[in-house]
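*Asks:* Structure provided below as structure tokens; questions to follow.
The values are calculated or read from the model by the stated rules, or taken from the named source; none is laboratory data. In this text the structure is predicted, and so the values were computed from the model without any measurement. With ideal geometry, Cβ positions are generated from the backbone for all residues, glycine too; neighbour counts draw on all protein chains shown.
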Amino acid sequence: MVLSLLLGAHPARMAPAQLVAAGGYLGVTEPALRVALTRAVASGDLVRRDGAYALGERLVERQRRQDASVDHASAAWDGTWEQVVVVEAGRAAADRAALRAELAARQLAELREGVWMRPANLGARPTLDDAAVASFRVDRVADAGALAGRLWDLDAWSSRGHALLDELATTADPSLRLAVAADLVRHLVDDPLLPASLLPDDWPGDRLRSTYAAYQEELAAVRD
């Protein structure tokens, strides 16, 4: 509950009294809340700063990704694609996993082992600072729609998105609404952020963003 509240807050910090009030609204007792806060600080998910609780470093990065997905606006696309190729073999398993996570966080998808792609529609992006990869720009592909369908299971993402919209619309209990909203924004983080021309009909991305924004307005009174 606390992490979901803070991940949606800007700035991502809340005073103890605010958290106690929010806990009461969401059905969490003060003793249970204080135990959870102690454990979250011990694990590094939260930090105490100037008498308030704030997100720890790992979750600050998660909030950055979450915000980028929520705030995404469609941009013009010239038909080109980003391509990243892994050119260094023999890395440790942990290093390979970290690289895969970084590529996925950049909304790239793996076409085949070591080859990652996406449409170049996200504007100028920081260069991937890793000697294990080489980055390219591909001018055109034969069937962009078919390639997008190979890289992402768009129908499954869309279906889950519509289900979350329906679930939030029909859930009244505050604590359950928070849980559904947390699932919704996690789902948004996995949005491939494709050009509109590559998306299936009735793609729920924009509806999910506007619904989550409306829910955050609903929570604003609780945080304040």
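*Asks:* Among the residues of segment 192-204, write down those that are in contact with a helix residue (DSSP H, G or I) (Cβ under 7 Å, 6 or more places away or on another chain) and in a helix (DSSP H, G or I).
*Replies:* Leu198
*Asks:* Would you pick out the residues in segment 112-125 that are over 18 Å from the mean Cα position of the chain (by Cα) and either over 13 Å from Trp81 (Cβ atoms) or of a type in the set (D, E, K, R) (or both)?
*Replies:* Arg112, Glu113, Gly114, Gly123, Ala124, listed by residue number.
*Asks:* Would you mind finding the one in Arg112, Arg96, Arg137, Arg100 that is touching a residue at least 12 places away in the same chain (Cβ under 8 Å) and of a type in the set (Lys, Arg)?
*Replies:* Being touching a residue at least 12 places away in the same chain (Cβ under 8 Å) and of a type in the set (Lys, Arg) holds for just one of Arg112, Arg96, Arg137, Arg100, which is Arg137.
*Asks:* Answer yes or no as to whether Val180 is more than 20 Å from the chain's Cα centre (by Cα), farther than 14 Å from His72 by Cα and of a type in the set (Val, Ile, Thr).
*Replies:* no
*Asks:* Tell me which residues, restricted to segment 63-78, are surrounded by 15 or more Cβ atoms within 10 Å (Cβ to Cβ) and either polar (S, T, N, Q) or over 18 Å from Leu108 (Cβ atoms) (or both).
*Replies:* Gln63, Gln66, Asp67, Ser69, Val70
*Asks:* Right, another one. Could you say which residue among Arg48, Arg58, Arg34 is more than 18 Å from Ala221 (Cβ to Cβ), outside the structural domain of Ala98 (by TED's automatic domain parsing) and at pLDDT below 90?
*Replies:* Arg58
*Asks:* Which of the following residues is small (Gly, Ala, Ser), touching a Pro at 6+ places or on another chain (Cβ under 7 Å) and within 30 Å of Ala142 (Cα to Cα): Ser158, Ser197?
*Replies:* None of the other options fit; the residue is Ser158.
*Asks:* Return the residues of segment 1-17 that are assigned to a helix (DSSP H, G or I), out of contact with any strand residue (DSSP E or B) (no Cβ under 8 Å at 6 or more places or on another chain) and under 19 Å from Glu217 (Cβ atoms); say none if nothing qualifies.
*Replies:* Ser4
*Asks:* Then there is this: Any idea which of (1) assigned to a helix (DSSP H, G or I); (2) of a type in the set (Val, Ile, Thr); (3) over 22 Å from the mean Cα position of the chain (by Cα) is the one Val60 doesn't satisfy?
*Replies:* Of everything listed in (1) assigned to a helix (DSSP H, G or I); (2) of a type in the set (Val, Ile, Thr); (3) over 22 Å from the mean Cα position of the chain (by Cα), Val60 misses just condition (3).
*Asks:* Shifting gears a bit: Just checking, how many residues over segment 72-83 are part of a loop (DSSP other than H, G, I, E, B) and either at positive phi or in contact (Cβ under 8 Å) with a residue 40 or more places away in the chain (or both)?
*Replies:* 8
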